[in-house]
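The values are calculated or read from the model by the stated rules, or taken from the named source; none is laboratory data. Computed from a predicted model, the values in this text were never measured in an experiment. Positions of Cβ are generated from backbone atoms using ideal geometry, with glycine treated the same way; all protein chains shown enter the neighbour counts.
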Amino acid sequence: MSTGFEAITAQVKLVIWDLDETFWQGTLSEGGITPIPAHAEMIKTLADRGIMSSICSKNDFDTAKAELERLGVWDYIVFPHIDWTPKGQAIKTMLSAMGLRAPNVVFLDDNHMNLEEAAFFNEGLMCVDATQPLAGLLDLPQMKGKDDRAHSRLAQYKMLETKQAAQAEGALDNMAFLRQSQIRVEILTDLEPHMDRVLELINRTNQLNFTKNRVETPEARAELDALLATSGVHAGLVRVTDRYGDYGIVGFFAARVKYSGTTVHHFCFSCRTLNMGVEQFVWQRIGAPEFDFKGPVASQLDAGAEVDWIAEASSSDQVFSEQDDRTLCLVGGCDLLQVSFYCGTNRHEFVNKEDRGYLVRYDDPGFFLNPRKPLKHDQTLKKFPTWSWQDMEDLDVALADSDVVLLSLYYAVPGDTFFTFGGKEWGGEYLVKVPPRTLKKFIKSDQALWFAKSFYHRRYTLEESLELTRRSMERAMSLVKPDAQVFVLTAATKTGMQAERTGEMRAAYNAMCKAFCAGHAQAHLVDLDEVLLEEDFQDSDHYTRAGYFKIAKCVNDYMADQSGAAADVAAE
């Protein structure tokens with residue numbers, strides 16, 4: 001078996017790294033390793049090209065994860081397998097979970113036996129001996145990938161990872177999991193703005209490409225254009241979302257309907273939605289026409305199957321905004337994601353997340369107000385589970401880039417968990433608000449003494465907390481584009497036990513938000529007490545699907561009015 005670079009003969013979609021003596025020098029379990037910075041940069045470059053990286057290593061998971069986090073690459077890794085089990089079957093399971101074929105995957109390992117085992121269980125896997133220098137891999141044409149500096153492909157695999165973890169934690173079988181996933185499909189018939197995606201789906205999909213009629217020459221492209229202009233041809237792009245996220249445009253079909261029957265010219269889908277039943281749903285949606293599959297395909301179409309776990313999104317749902325080029329930035333609780341799905345698909349998201357088992361929140365004045373440069377190498381910030389220096393840099397870029405900004409910062413006001421840290425002044429110069437759940441868990445950990453020495457508790461009055469929050473909004477406003485619109489969400493005061501218990505604080509926050517918006521032409525108040533009805537609330541801070549839709553409608557309606565006004569001016 002060849003294990004040099006010549007083994008890489010097909011376009012690469014995934015690189016699987018061994019760790020010891022491959023990704024780094026040395027053996028982690030034997031007390032020390034030496035990082036290879038070029039390998040960390042390779043993983044990041046691969047992500048920029050839309051090529052994923054995973055780990056298959058015989059190591060302790062938590063120890064290896066901590067080291068990869070320290071090296072700044074953990075967030076670039078998908079579906080890692082780090083334990084002491086054999087690698088061949090582990091890689092087979094990994095590829096099945098990711099919906100990838102072995103011939104599009106590279107495995108890097110310094111141990112020849114591991115390479116042989118992996119190749120035995122995964123026919124076509126491209127195995128490379130990692131004892132040779134690896135930097136030249138990036139120069140191979142098979143590793144070119146495509147420009148994905150927005151890391152949309154990485155986000156898709158992270159979302160798939162989350163879905164599978166949720167299914168495992170809930171002990172649901174596949175059908176039960178699909179039924180609770182709230183899968184929605186929209187058929188787009190205006191193809192012209194998306195022809196690049198049409199061609200990509202036709203030419204790059206394999207496992208769920210039932211027709212495999214490639215369009216790779218100018219003549220073939222002319223034939224496709226003629227087909228799409230032909231009377232009786234029904235063609236569409238397929239967009240999919242579910243409760244876990246937005247998959248974007250994942251499928252394309254083109255079928256010509258005549259009195260003598262239907263001819264299917266193209267029927268192809270991305271493996272992003274493998275095992276979700278999307279291709280079955282769409283096939284039935286277009287009348288379940290009979291046609292000869294060009295195998296192999298990873299799914300079968302069954303005329304008798306009932307796909308009742310998928311719903312078609314109507315135009316009134318506005319699940320997919322027509323403003324495809326509109327970029328959003330949202331900062332607040334994770335429920336904001338449910339608003340953003342109705343507002344657009346290009347999003348910068350700074351919402352609640354888990355980090356090493358701790359809750360991290362971005363609706364924190366420190367996240368907005370701390371100076372960036374001094375914190376770049378701050379060890380306290382790196383060690384504590386909160387937003388990172390890179391997160392702060394990303395926020396500034398996102399605010400400057402976005403057309404629409406959604407701010408939901410009520411959490412910044414209540415509670416008594418402000419702390420300062422770092423800097424040269426006694427008592428700390430930099431601000432962080434620690435979520436109570438994180439604080440409680442951290443002070444029970446073996447890092448409690450370090451926390452007590454490194455952080456200084458700050459008792460702020462309500463007025464001081466409100467001022468910090470107002471300054472956070474001011475900083476956001478100072479970074480946005482001149483034509484960007486900022487929407488500030490109030491806190492509900494009329495519905496739910498939390499609102500009843502903290503009504504005075506919520507009213508003060510809302511008054512501050514109202515005054516802020518009144519002072520900035522680009523800022524707009526979304527008053528939840530006015531927008532939502534009582535039945536739209538699950539509790540004071542969480543809403544029904546209809547509630548989130550109404551919030552999004554406020555944003556979409558305003559932006560539509562702005563677009564209409566701009567068009568009127570242009571017409572004049």
Notebook entry, point to check: Since Ser181 meets every condition but one in (1) touching a Ser or Thr at 6+ places or on another chain (Cβ under 8 Å); (2) modelled with pLDDT under 90; (3) surrounded by 18 or more Cβ atoms within 10 Å (Cβ to Cβ), which condition does it not meet?
Noted result: (1)
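In this structure, is Ala150 in a loop (DSSP other than H, G, I, E, B), modelled with pLDDT of 90 or more, out of contact with any Lys or Arg (no Cβ under 8 Å at 6 or more places or on another chain) and of a type in the set (A, V, I, L, M, F, W, C)?
Yes, satisfied.
Can you tell me which residue is farthest from Asn59 (Cα to Cα) among those in the stretch 82-110 that are assigned to a helix (DSSP H, G or I) and among the polar types (S, T, N, Q)?
Within the stretch 82-110, the first condition is being assigned to a helix (DSSP H, G or I), and the residues that meet it are 87-98, 102-104.
Applying the additional criterion that residues be among the polar types (S, T, N, Q) yields 89, 93, 96, 104.
Working: Gln89: 16, Thr93: 18, Ser96: 22, Asn104: 26 Å.
It comes out as Asn104.
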Checklist line | Residues located in the stretch 54-77, provided they are assigned to a loop (DSSP other than H, G, I, E, B) and in contact with a Leu (Cβ under 7 Å, 6 or more places away or on another chain) | finding: Asn59
Next item on the list: Look at Asp529 and say whether it is closer than 15 Å to Tyr410 by Cβ and either in contact (Cβ under 8 Å) with a residue 40 or more places away in the chain or crowded, with 19+ Cβ neighbours inside 10 Å (or both).
Entry: no
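One line per residue, one yes/no per condition, for (1) within 27 Å of Ser402 (Cβ to Cβ); (2) touching a residue at least 60 places away in the same chain (Cβ under 8 Å); (3) out of contact with any Leu (no Cβ under 6 Å at 6 or more places or on another chain); (4) not β-branched (Val, Ile, Thr):
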residue: Glu504; (1), (2), (3), (4): no, no, yes, yes
residue: Lys514; (1), (2), (3), (4): yes, no, no, yes
residue: Ala521; (1), (2), (3), (4): yes, no, yes, yes
residue: Glu535; (1), (2), (3), (4): no, no, yes, yes
Check: So which residues in the stretch 408-462 are surrounded by 14 or more Cβ atoms within 10 Å (Cβ to Cβ) and of a type in the set (Lys, Arg), if there are any at all?
Finding: Lys433, Lys441, Arg458
Check: Can Ala521 be described as surrounded by fewer than 15 Cβ atoms within 10 Å (Cβ to Cβ) and of a type in the set (A, V, I, L, M, F, W, C)?
Finding: yes
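Every residue, every condition in (1) more than 24 Å from Thr230 (Cβ to Cβ); (2) assigned to a strand (DSSP E or B); (3) in contact (Cβ under 8 Å) with a residue 12 or more places away in the chain, yes or no:
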position	(1), (2), (3)
Val250	yes, yes, yes
Ala254	no, yes, yes
His265	no, yes, yes
Arg272	yes, no, yes
Asn275	yes, no, yes
Gln280	yes, no, yes
Val297	yes, no, yes
Ala305	yes, no, yes
Ala311	yes, yes, yes
Check: Among the residues of the stretch 155-178, how many are exposed (fewer than 13 other Cβ atoms within 10 Å of the Cβ), modelled with pLDDT under 80 and either not small (Gly, Ala, Ser) or not assigned by TED's automatic domain parsing to the domain that holds Leu274 (or both)?
Finding: 4
Margin query: Among the residues of the stretch 122-154, what is the count of those that are surrounded by 17 or more Cβ atoms within 10 Å (Cβ to Cβ) and of a type outside the set (D, E, K, R)?
Written below: 11
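Any idea which of Lys494, Lys514 is among the charged types (D, E, K, R), modelled with pLDDT under 95 and over 21 Å from Leu395 (Cα atoms)? Working first, answer last.
Numbers: Lys514 fails: modelled with pLDDT under 95.
After ruling out the rest, the residue left standing is Lys494.
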Check: Under the condition of being surrounded by fewer than 20 Cβ atoms within 10 Å (Cβ to Cβ) and in contact (Cβ under 8 Å) with a residue 60 or more places away in the chain, which residue from the stretch 383-407 is farthest from the chain's Cα centre (by Cα)?
Finding: Lys383
Note to self: Please verify whether Phe107 is buried (at least 17 other Cβ atoms within 10 Å of the Cβ) and hydrophobic (A, V, I, L, M, F, W, C), treating the condition exactly as stated.
What the structure shows: yes
Check: Is there a residue in the stretch 346-358 that is touching a Phe, Trp or Tyr at 6+ places or on another chain (Cβ under 7 Å), at pLDDT below 95 and within 24 Å of Lys481 (Cβ to Cβ)?
Finding: yes
Next item on the list: Give the stretch 517-549 a look and list any residue that's assigned to a helix (DSSP H, G or I), at pLDDT below 95 and either over 28 Å from the mean Cα position of the chain (by Cα) or not assigned by TED's automatic domain parsing to the domain that holds Ser402 (or both), or say none.
Entry: Asp529, Glu530, Val531, Glu534, Glu535
Item checked: Sole exception among (1) farther than 17 Å from Gln156 by Cβ; (2) in contact with a Ser or Thr (Cβ under 9 Å, 6 or more places away or on another chain); (3) among the aliphatic types (A, V, I, L, M) for Val238, by number -> (1)
Note to self: Being modelled with pLDDT under 90, part of a helix (DSSP H, G or I) and buried (at least 20 other Cβ atoms within 10 Å of the Cβ) narrows it down to one residue among Ala552, Ala565; which is it?
What the structure shows: Ala552
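Where residues in the stretch 33-53 are in a strand (DSSP E or B) and under 17 Å from the mean Cα position of the chain (by Cα), which of them is surrounded by the most Cβ atoms within 10 Å (Cβ to Cβ)?
Per the stated criteria, the residue is Met52.
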Notebook entry, point to check: When residues of the stretch 187-209 are filtered for being closer than 24 Å to Gln300 by Cα, of a type in the set (Val, Ile, Thr) and assigned to a loop (DSSP other than H, G, I, E, B), how many remain?
Noted result: 1
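Does Ala254 satisfy the criteria of being modelled with pLDDT of 90 or more, among the small types (Gly, Ala, Ser) and over 25 Å from Val78 (Cβ atoms)?
yes
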